[in-house]
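The values are calculated or read from the model by the stated rules, or taken from the named source; none is laboratory data. The structure displayed is predicted, hence computed values, not measured ones. Here the Cβ positions follow ideal geometry from the backbone for every residue, glycine too, while neighbour counts run over all protein chains shown.
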Amino acid sequence: MFELGKKDSEAAQAAARQPENTASASAAGAKRSGSGQFAVIGRSIQINGDVKGDEDLMIEGDVSGTVELRNHSLTVGKEGKVKANIFARAISVDGTTEGDMFASERISVRATANVRGNLVAPRVSLEDGARFKGSIEMDQQAVEKALGSSSRSGQRTDTVAPRPNGDVKATGADRQGSAAVAR
Amino acid sequence: MRGASAAEAKPDRDAGKPVSATFKAPLLTRIFDNLDPEQRHVVLDLGPGCQELIARLTAERGCRIEIANFVADHGLEGLNAAPPESREETLRALLPPPNAERLTLIFCWDLPNYLGRAALQTLCALLGQRAAGGCRLHMLISYSRRDMPAQPARYVPASEGQLTQHCVNGERVPAPRYSPEDLGKALGGFKYERGVLLANGMQEFVYAWPSGQA
């Protein structure tokens with residue numbers, strides 16, 4: 001099984017390079033994690049299934065299913081395509097998403113983003129140029145209700161890194177290291 | 001450029017360049033000022049949405065905002081090209097899925113200028129099905145000018161009761177110049193409340209969905 005948390009020196013080097021090639025928002029996402037640690041799903045990785053984890057994550061590849069990082073941040077990079085319901089502490093989107101997003105702190109839809117779905121968070125920002133279609137719910141009670149109900153239905157995992165629960169595909173390019181965990 | 005239409009400046013020399021203009025929108029100001037902070041509002045913006053509008057609305061308690069963004073993904077072109085028998089279905093697909101909560105406020109800025117009369121009529125019938133009693137429909141239409149930009153402009157609330165119009169200089173098309181009577185027929189159950197002719201040649205309208213009709 002493909003593990004995104006696997007410590008591979010070549011992959012780690014690639015992940016360390018990754019933020020330099022992404023938008024400033026992505027770099028900011030790395031800074032927000034404090035220690036600079038975050039996992040990266042590289043641009044040629046495809047995941048069909050559930051992604052759960054206990055660290056910050058950047059998605060530059062394709063993910064379909066659900067993404068659950070309840071206490072951490074998710075950044076969907078410019079190349080990222082996510083077709084999933086997303087649960088996280090903070091969500092920042094530079095790429096393309098389809099599905100509902102639930103964040104306990106904030107959701108940022110950046111200028112390059114193309115987002116379809118419903119956003120539920122206490123704070124939501126929509127940058128000029130972003131393409132958005134859906135609804136925005138910032139009522140605190142609605143946020144708590146949405147996040148509370150999802151936590152009852154979802155199972156917490158104790159994994160160190162996000163582990164996809166489903167199918168993972170990588171092209172040859174990715175075997176050379178664009179899917180990795182930056183440490 | 002205050003008081004002037006954004007796209008009327010030098011269309012040939014400046015073709016393709018973005019232009020913006022700010023104008024006063026007194027009826028919109030009145031709507032914002034009269035939002036009851038104790039009431040939960042459910043707002044539908046048929047345009048692309050913007051941070052300024054979100055910030056203005058969520059300054060009030062408990063607000064849900066639905067953004068239909070008709071111009072995204074060639075939605076408007078698809079609607080206008082749809083045969084009459086599939087018009088309603090196309091419009092339903094462009095609107096957000098129905099929610100348990102009824103709409104209390106609808107923004108329809110510039111869009112009627114780019115919809116045929118039949119499409120506007122169908123749209124308003126669908127909006128009426130989702131409107132709460134007393135729901136306000138705020139519209140901006142081109143009125144005194146004979147032409148308008150080929151694509152709908154984007155409107156962003158600015159300070160002191162103003163709206164900023166953003167569009168691209170270039171091709172212009174004839175404006176439908178709906179009269180209040182024409183609009184009244186197209187809007188079905190929505191009842192006219194007030195209209196103001198703005199300095200930039202647009203007309204601002206407020207319609208309301210009657211309480212008994214919800």
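Quick look at the numbers
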quantity	calculated
Residue in the stretch A:59-71 that is among the acidic types (Asp, Glu) and surrounded by fewer than 24 Cβ atoms within 10 Å (Cβ to Cβ) present	yes
Close pairs (8 angstrom Cβ cut-off, 6 or more residues apart or separate chains): touching a residue at least 60 places away in the same chain (Cβ under 8 Å) in the stretch A:109-120, outside any loop (DSSP other than H, G, I, E, B) anywhere	A:Arg110/A:Ala25; A:Arg110/A:Ser92; A:Arg110/A:Val93
Residue in the stretch B:154-176 that is assigned to a loop (DSSP other than H, G, I, E, B) and either buried (at least 21 other Cβ atoms within 10 Å of the Cβ) or within 14 Å of the chain's Cα centre (by Cα) (or both) present	no
Matching option when the condition is touching a helix residue (DSSP H, G or I) at 6+ places or on another chain (Cβ under 9 Å), more than 11 Å from every other protein chain (Cβ to nearest Cβ) and among the charged types (D, E, K, R), among A:Arg106, A:Arg131, A:Arg110	A:Arg110
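Here's the yes/no breakdown for (1) modelled with pLDDT of 90 or more; (2) surrounded by fewer than 15 Cβ atoms within 10 Å (Cβ to Cβ); (3) within 24 Å of B:Ala25 (Cβ to Cβ); (4) aliphatic (A, V, I, L, M):
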| residue | (1), (2), (3), (4) |
| --- | --- |
| B:Ile65 | yes, no, yes, yes |
| B:Asn69 | yes, no, yes, no |
| B:Glu77 | no, yes, no, no |
| B:Asn80 | no, yes, no, no |
| B:Glu89 | yes, yes, no, no |
| B:Leu94 | yes, no, no, yes |
| B:Pro97 | no, yes, no, no |
| B:Ile106 | yes, no, yes, yes |
| B:Trp109 | yes, no, yes, no |
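Yes/no matrix, rows are residues, columns are (1) in contact (Cβ under 8 Å) with a residue 40 or more places away in the chain; (2) outside any strand (DSSP E or B); (3) more than 14 Å from every other protein chain (Cβ to nearest Cβ):
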site	(1), (2), (3)
B:Ser86	no, yes, yes
B:Thr90	no, yes, yes
B:Ala100	no, yes, no
B:Gly128	yes, yes, yes
B:His138	yes, no, yes
